[in-house]
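As structure tokens, the structure follows; a few thoughts come after it.
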Amino acid sequence: MEAVSQFWNEVWSEGRVELLPDLFAPGATENGEVLDLEGFEKGVLRWREIFPDFRAHVEEMLIVDADRVVTRVTYTGTQVLPWAGLPATGKSTRVIGIDIFRLSDGKITELWHSADHLELAIQLGGKIVEHEI
């Protein structure tokens with residue numbers, strides 16, 4: 001389960017994207033799609049530019065069986081650049097995420113990620129607009 005800890009504590013919270021090839025098995029998937037490791041790396045780095053003090057706080061790590069781990073994570077960070085069409089606000093944010101990992105030989109082979117991006121957008125001043133259909 002070391003790979004999962006490193007994923008959150010070193011890759012996301014510290015920006016150590018050079019660890020990604022060691023953490024993911026070739027052909028690993030994210031949310032059912034083959035993981036583009038280079039694109040994932042760029043995404044982590046971009047996220048950390050937008051939220052430079054970003055931290056992933058692992059609240060719970062549940063070992064389901066020999067090859068599956070579930071984490072409940074609280075994400076915190078301060079937005080200093082625009083995100084999702086919202087201008088930089090300088091606001092601190094706090095949202096939750098649930099992730100399911102499958103591992104083989106100590107490497108992540110499958111990742112299912114879900115985070116409350118709607119809550120993040122609302123915290124940054126986004127509005128829910130109703131439309132008539």
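Each value in this text was obtained by applying a stated rule to the coordinates, not by laboratory testing. Because the structure is predicted, anything quoted here is derived from the model rather than measured. Please note: Cβ atoms are built from the backbone with ideal geometry, for glycine as well, and neighbour counts cover all protein chains shown.
Some values worked out for this structure:
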| item | result |
| --- | --- |
| Estimated dipole of segment 2-123 in Debye, rounded to 20 [Cβ of Lys and Arg +1, of Asp and Glu -1, Cα centre] | 460 |
| Net +/- balance of residues flanking GLN6 in space, Cβ distance below 14 Å, scoring K and R +1, D and E -1 | -4 |
| Value of Rg to Rh for the chain (Rh from inverse mean 1/r over Cα pairs, i.e. Kirkwood) | 1.00 |
| Spatial separation of Cα centroids for segment 32-103 and segment 1-30, in angstrom | 12 |
| 5 angstrom amide H check on PHE54, placed H, neighbours 5+ away | THR78 |
| In sequence order, calculated HN-Hα J values of segment 50-59 (Karplus, 6.51, -1.76, 1.60; Hz; x Gly/Pro) | 5, 10, x, 9, 4, 9, 10, 9, 6, 7 |
| Net charge of Cβ neighbours under 13 Å - reference ASN31; Lys, Arg +1; Asp, Glu -1 | -4 |
| Positive-end residue, segment 2-123 charge dipole about Cα centroid, Cβ charges, pick of TRP112, LEU45, ASN31 | LEU45 |
| Per-residue HN-Hα couplings for segment 69-77 [Karplus 6.51, -1.76, 1.60; θ = phi - 60°; Hz; x = Gly/Pro] | 9, 10, 10, 10, 10, 9, 9, 10, x |
| Burial ordering of MET61, MET1, fewest other beta-carbon atoms within 10 Å first | MET1, MET61 |
| Local net charge near LYS127, Cβ-Cβ under 15 Å (Lys/Arg +1, Asp/Glu -1) | -1 |
